[in-house]
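Novice: Just passing along the structure, written as structure tokens.
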Amino acid sequence: MKKTLFEKIWERHIVDTLPDGTTQLYIDRLYCHEVTSPQAFAGLRERGLKPFRPGRITCVPDHNVPTLNQDKPIEDPVSRKQVDTLEKNATDFGLAYYGLQHPRNGIVHVVGPENGLTLPGMTIVCGDSHTSTHGALGAIAFGIGTSEVEMTLATQCIMQRKPRTMRITLDGQLRAGVTAKDIALYIIARMTTGGATGYFVEYAGEAIRQATMEERLTICNLSIEMGARGGMIAPDAVTFEYLKGRAFAPRGAEWEKARVAWQNLYSDEGAVFDKEVHFCAEDIDPMVTYGTNPGMGIGIREAIPSLDSIDEAGRISFLKALDYMGFRPGEPMLGKPVDYVFLGSCTNGRIEDFRAFASIVKGRRKASGLTAWLVPGSRQVEQQIRAEGIDAILTEAGFALRQPGCSACLAMNDDKVPAGRYAVSTSNRNFEGRQGPGARTILAGPLVAAAAAVTGKITDPRTL
Amino acid sequence: MRNTFTILTSTCVPLPLENVDTDQIIPARFLKATTREGFGDNLFRDWRYDESGHPRPGFVLNQPTYKGDILVAGKNFGSGSSREHAAWAITGYGFRAVVSSFFADIFKNNSMNNGLLPVVVSPEFLSELFASIEADAGTQLTIDLPAQTLTNQATGRSEHFDINAYKKDCLVNGLDDIDYLLANKEKIERYESLVTSYKLQVTSK
């Protein structure tokens, strides 16, 4: 029987199957952050339970943390209570905890891969939809709600329906100046924001095989933005090279054993997917969004769609989105003024993103009047930025580096874009109010963000 | 043990927008609580209230004409963030069911884990339902979970809806997954003993 990568991993984790097909799925790794876990721990205590397998759980505060003065107590008492609650829960139950100032602190989806906590063949969950990120290493990783966090704490299992499978094949090679973020925004624009709902996606094809590990993390991260339960990429030499020597990755003889097992993690030739989609990498331009969901994206040189190109049922939502953004149908995006730039998040907060941003701003100056928040995805990324001298390039161009966290991606801390202002953001969502009440978000990759940061407007980075 | 769900007849609140994401249902700045209570007050916060906290008269929750236990929404309801706070906000406000032509996966699971029934209907049934409500705000809808049917009382038309047998059983009897999983613990331990795995222990170091 030919099997897909997804099926191989899924079947290995079935504890039990109910008559109606519902699967009791074993979970190898649970990541907890401070926002979606307190009610789960409270529920656990109410039932008089303890975590069933504490060694499989890692707790990292990231959503609510300030990106300045992390050595001082968090000023906002409500945020501080949430972070303290996570620390207390981790301490009481003997769970790994990487708090602020800890060398492994950062955004949980950056921390997991970079420490080798996320490994091929695993099942991984977290109360966060961008858990799909970890699929880049060849794992089944998906976001869950707080009730499911509680289930996983209590039993290391959750009850799930097996999703359908989809393979998205990206043939050919990317053109210069096009990033992994552009690949994802291009795919989502074509699939629409709900187009992969009910599916688990495997990314394949020449352009995916050529992608670095960090680029793969960016692509899998955004799977949820087309509704997919998760995204994954078969592990290969790129994956093994990335993982070898990382803190929690297997070592010595264990490493060799694991690597041999991981080499069987691929979709068999002739395995059948419920849906197959093909795209061509050469067709992709740097992308920007113009609306209020990540599916509303276009090539940076294109115009916003005209009203008559939108199907009738979607016109109310389309016009509502443009009204919120202060844009008109048919307008070009190039040249639109930009007030804020955010580089960071679990989508684009890794070292390659900072290298890309620095490559554009080097020798230029931050546009006057523009506010830029450059937020590393983790302490380790921050350290590497300094080690490579990228911080000096940024400082010379008028930028300042902040401390790690989710930051302006969802604006739970002080990093909020004011109402009516435009932000070019390397994060994952441009929903109304996502970056602050009334904030207007244009999603893009790190090169487009850098071009906006030095020109103060939407600019094709290839023309600089 | 949670509330049980069997048959519900109620008027509806219409929200004919597509792709309503969980950031609209409950904005991130209201996620700082450590309990499940109080989220209903901020349901659809930025559509419901202006910057100074005054109700926006144009938004459906501020129009006394529309009330009831059932929210009827456009396709792809609950997309985006996995925050279960969205389900808590909807139940906290008083809704017991949401009807749409399709739901985002995580939201759907979160709803059912909180006794909130997501009912998937055909796009045709949905647009007819919106038309009925527009013509008469008093239009009643009957959801019969044991029979898996939904009836628009204005037109008398019914449609069957899908739900998996396990989840239906949980909702009808007010049980949750943890009750089931805890009763199944021996199977989990047996699974662990059979599956050899590299060392996965994590530490705080």
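The values are calculated or read from the model by the stated rules, or taken from the named source; none is laboratory data. Note that this is a predicted model, so its numbers are computed, not measured. Quick reminder, even Gly has a Cβ in these numbers, built from the backbone with ideal geometry, and neighbours come from all protein chains shown.
Novice: Name the residues in region B:124-162 that are aliphatic (A, V, I, L, M) and either in contact (Cβ under 8 Å) with a residue 40 or more places away in the chain or touching an Asp or Glu at 6+ places or on another chain (Cβ under 9 Å) (or both), would you? So that I can check it myself, show each step before the final result.
Specialist: Within region B:124-162, the first condition is being aliphatic (A, V, I, L, M), and the residues that meet it are B:126, B:129, B:131, B:133, B:135, B:137, B:141, B:143, B:145, B:147, B:150, B:154.
The answer is B:Leu126, B:Leu129, B:Ile133, B:Ala137, B:Leu141, B:Ile143, B:Leu145, B:Leu150, B:Ala154.
Novice: Then there is this: If you take the residues of region A:98-111 that are modelled with pLDDT of 95 or more and more than 15 Å from A:His63 (Cβ to Cβ), which of them is nearest to the chain's Cα centre (by Cα)? Write out each step before concluding.
Specialist: So the first thing to find is which residues in region A:98-111 are modelled with pLDDT of 95 or more, and the list is A:98-100, A:102-111.
Retained after the next criterion (residues that are more than 15 Å from A:His63 (Cβ to Cβ)): A:102-104.
Working: A:His102: 22, A:Pro103: 21, A:Arg104: 18 Å.
Ranking the candidates gives A:Arg104 first.
Novice: Give A:Ile385, A:Ile393, A:Ile351 a once-over and let me know the one that is under 18 Å from the mean Cα position of the chain (by Cα), among the aliphatic types (A, V, I, L, M), surrounded by fewer than 23 Cβ atoms within 10 Å (Cβ to Cβ) and not assigned by TED's automatic domain parsing to the domain that holds A:Ala180.
Specialist: Details: A:Ile385 fails: under 18 Å from the mean Cα position of the chain (by Cα); A:Ile393 fails: under 18 Å from the mean Cα position of the chain (by Cα).
A:Ile351 is the lone residue from the list that is under 18 Å from the mean Cα position of the chain (by Cα), among the aliphatic types (A, V, I, L, M), surrounded by fewer than 23 Cβ atoms within 10 Å (Cβ to Cβ) and not assigned by TED's automatic domain parsing to the domain that holds A:Ala180.
Novice: Being more than 9 Å from chain B (Cβ to nearest Cβ) and in a strand (DSSP E or B) is the filter; apply it to region A:11-48 and report the residue that is farthest from the chain's Cα centre (by Cα).
Specialist: A:Thr17
Novice: Within region A:59-89, how many residues are farther than 22 Å from A:Phe342 by Cα, surrounded by 20 or more Cβ atoms within 10 Å (Cβ to Cβ) and either in contact with a Leu (Cβ under 6 Å, 6 or more places away or on another chain) or of a type in the set (Lys, Arg) (or both)?
Specialist: Residues flagged as farther than 22 Å from A:Phe342 by Cα, surrounded by 20 or more Cβ atoms within 10 Å (Cβ to Cβ) and either in contact with a Leu (Cβ under 6 Å, 6 or more places away or on another chain) or of a type in the set (Lys, Arg) (or both) within region A:59-89 amount to 1.
Novice: Could you please find all residues in region A:205-234 being more than 14 Å from chain B (Cβ to nearest Cβ) and not hydrophobic (A, V, I, L, M, F, W, C)? Full working, then the answer.
Specialist: Taking region A:205-234 first, the residues more than 14 Å from chain B (Cβ to nearest Cβ) are A:205-220, A:232-234.
Correct list: A:Gly205, A:Glu206, A:Arg209, A:Gln210, A:Thr212, A:Glu214, A:Glu215, A:Arg216, A:Thr218.
Novice: Assess whether B:Val121 counts as being touching an Asp or Glu at 6+ places or on another chain (Cβ under 9 Å), among the aliphatic types (A, V, I, L, M) and more than 14 Å from chain A (Cβ to nearest Cβ).
Specialist: Values: touching an Asp or Glu at 6+ places or on another chain (Cβ under 9 Å): yes; among the aliphatic types (A, V, I, L, M): yes; more than 14 Å from chain A (Cβ to nearest Cβ): yes.
It is true that B:Val121 is touching an Asp or Glu at 6+ places or on another chain (Cβ under 9 Å), among the aliphatic types (A, V, I, L, M) and more than 14 Å from chain A (Cβ to nearest Cβ).
Novice: Shifting gears a bit: Of a type in the set (D, E, K, R), in the same structural domain as A:Glu256 (by TED's automatic domain parsing) and in a loop (DSSP other than H, G, I, E, B): which single residue out of A:Asp62, A:Asp84 fits that description? Before you say what the answer is, go through the steps one by one.
Specialist: Numbers: A:Asp84 fails: in a loop (DSSP other than H, G, I, E, B).
Going through A:Asp62, A:Asp84 in turn, just one is of a type in the set (D, E, K, R), in the same structural domain as A:Glu256 (by TED's automatic domain parsing) and in a loop (DSSP other than H, G, I, E, B): A:Asp62.
Novice: Among the residues of region A:412-430, which ones are surrounded by 24 or more Cβ atoms within 10 Å (Cβ to Cβ) and within 11 Å of chain B (Cβ to nearest Cβ)?
Specialist: Quick first cut of region A:412-430, residues surrounded by 24 or more Cβ atoms within 10 Å (Cβ to Cβ) only: A:412, A:415, A:417, A:423-430.
Result: A:Met412, A:Asn428, A:Arg429, A:Asn430.
Novice: Go through (1) among the charged types (D, E, K, R); (2) modelled with pLDDT of 95 or more; (3) more than 23 Å from A:Val272 (Cα to Cα) one by one and return the number of the condition A:Asp236 breaks.
Specialist: Just one mismatch for A:Asp236, condition (3).
Novice: Could you identify the single residue in A:Ile168, A:Ile158 that is of a type in the set (A, V, I, L, M, F, W, C), outside any helix (DSSP H, G or I), buried (at least 24 other Cβ atoms within 10 Å of the Cβ) and facing chain B (nearest Cβ under 9 Å)?
Specialist: Working: A:Ile168 fails: facing chain B (nearest Cβ under 9 Å).
Of the residues listed, the single one that is of a type in the set (A, V, I, L, M, F, W, C), outside any helix (DSSP H, G or I), buried (at least 24 other Cβ atoms within 10 Å of the Cβ) and facing chain B (nearest Cβ under 9 Å) is A:Ile158.
Novice: OK, next. Restricting attention to region B:31-53, does a residue exist that is of a type in the set (S, T, N, Q), within 30 Å of A:Pro38 (Cβ to Cβ), within 11 Å of chain A (Cβ to nearest Cβ) and in contact with a strand residue (DSSP E or B) (Cβ under 6 Å, 6 or more places away or on another chain)?
Specialist: Checked region B:31-53: no residue is of a type in the set (S, T, N, Q), within 30 Å of A:Pro38 (Cβ to Cβ), within 11 Å of chain A (Cβ to nearest Cβ) and in contact with a strand residue (DSSP E or B) (Cβ under 6 Å, 6 or more places away or on another chain).
Novice: Pick from A:His130, A:His134: which is farther than 27 Å from B:Val20 by Cβ and modelled with pLDDT of 95 or more?
Specialist: Working: A:His130 fails: farther than 27 Å from B:Val20 by Cβ.
Just one listed residue meets the conditions, A:His134.
Novice: Pull up region A:49-59, narrow it to residues that are within 9 Å of chain B (Cβ to nearest Cβ) and in a loop (DSSP other than H, G, I, E, B), then point me to the one that is nearest to A:Gly121 (Cα to Cα).
Specialist: Filtering first and then ranking leaves A:Arg53.
Novice: Scan region B:109-153 for residues that are in contact with a strand residue (DSSP E or B) (Cβ under 9 Å, 6 or more places away or on another chain), within 30 Å of A:Val149 (Cα to Cα) and small (Gly, Ala, Ser) and jot them down.
Specialist: Answer for region B:109-153, where residues must be in contact with a strand residue (DSSP E or B) (Cβ under 9 Å, 6 or more places away or on another chain), within 30 Å of A:Val149 (Cα to Cα) and small (Gly, Ala, Ser): just B:Ser111.
Novice: Keeping to region B:69-116, report how many residues are more than 14 Å from chain A (Cβ to nearest Cβ) and either of a type in the set (Ser, Thr, Tyr) or touching a residue at least 60 places away in the same chain (Cβ under 8 Å) (or both).
Specialist: So the answer is 8.
Novice: If a residue has to be surrounded by 13 or more Cβ atoms within 10 Å (Cβ to Cβ) and within 14 Å of chain A (Cβ to nearest Cβ) to count, how many in region B:1-30 make the cut? Write out each step before concluding.
Specialist: First pass over region B:1-30, keeping only residues surrounded by 13 or more Cβ atoms within 10 Å (Cβ to Cβ): B:2, B:4-5, B:8-30.
From what's left, within 14 Å of chain A (Cβ to nearest Cβ): B:2, B:14-30.
Adding up the residues that qualify gives 18.
Residues checked against (1) assigned to a helix (DSSP H, G or I); (2) of a type in the set (Val, Ile, Thr); (3) out of contact with any strand residue (DSSP E or B) (no Cβ under 8 Å at 6 or more places or on another chain):
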residue	(1), (2), (3)
A:Gly99	no, no, yes
A:Arg104	no, no, no
A:Pro113	yes, no, yes
A:Thr118	no, yes, no
A:Gly121	no, no, yes
A:Thr131	yes, yes, no
A:Ser147	yes, no, yes
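Novice: Which condition breaks for A:Arg434 when tested against (1) crowded, with 24+ Cβ neighbours inside 10 Å; (2) touching an Asp or Glu at 6+ places or on another chain (Cβ under 7 Å); (3) over 25 Å from A:Asp76 (Cα atoms)?
Specialist: Among (1) crowded, with 24+ Cβ neighbours inside 10 Å; (2) touching an Asp or Glu at 6+ places or on another chain (Cβ under 7 Å); (3) over 25 Å from A:Asp76 (Cα atoms), A:Arg434 violates only (3).
Novice: What pairs come out if I take residues in region A:301-327 that are in contact (Cβ under 8 Å) with a residue 24 or more places away in the chain and surrounded by fewer than 17 Cβ atoms within 10 Å (Cβ to Cβ) and pair them with residues that are among the charged types (D, E, K, R) and in a helix (DSSP H, G or I) whose C-beta lies under 8 Å away, six or more apart or interchain?
Specialist: none
For every residue, the table says whether it meets (1) away from chain B (no Cβ under 11 Å); (2) of a type in the set (Gly, Ala, Ser).
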position: A:Pro73; (1), (2): yes, no
position: A:Arg80; (1), (2): no, no
position: A:Thr85; (1), (2): no, no
position: A:Asn89; (1), (2): no, no
position: A:Gly94; (1), (2): no, yes
position: A:Gly99; (1), (2): no, yes
position: A:Pro120; (1), (2): no, no
position: A:Gly127; (1), (2): no, yes
position: A:Ala139; (1), (2): yes, yes
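Novice: Sticking with this structure for a sec: Can you pull out every residue in region A:87-97 that is free of Cβ contacts under 8 Å to residues at least 24 places away in the same chain and part of a loop (DSSP other than H, G, I, E, B)?
Specialist: Filtering region A:87-97 for residues free of Cβ contacts under 8 Å to residues at least 24 places away in the same chain gives A:88, A:91-92.
None; the set is empty.
Novice: Right, A:Tyr199: more than 15 Å from A:Asp353 (Cα to Cα), of a type in the set (Phe, Trp, Tyr) and either without any contact (Cβ under 8 Å) to a residue 40 or more places away in the chain or touching a His at 6+ places or on another chain (Cβ under 7 Å) (or both) or not?
Specialist: Numbers: more than 15 Å from A:Asp353 (Cα to Cα): yes; of a type in the set (Phe, Trp, Tyr): yes; either without any contact (Cβ under 8 Å) to a residue 40 or more places away in the chain or touching a His at 6+ places or on another chain (Cβ under 7 Å) (or both): no.
Here the answer is no, as A:Tyr199 does not meet what is asked.
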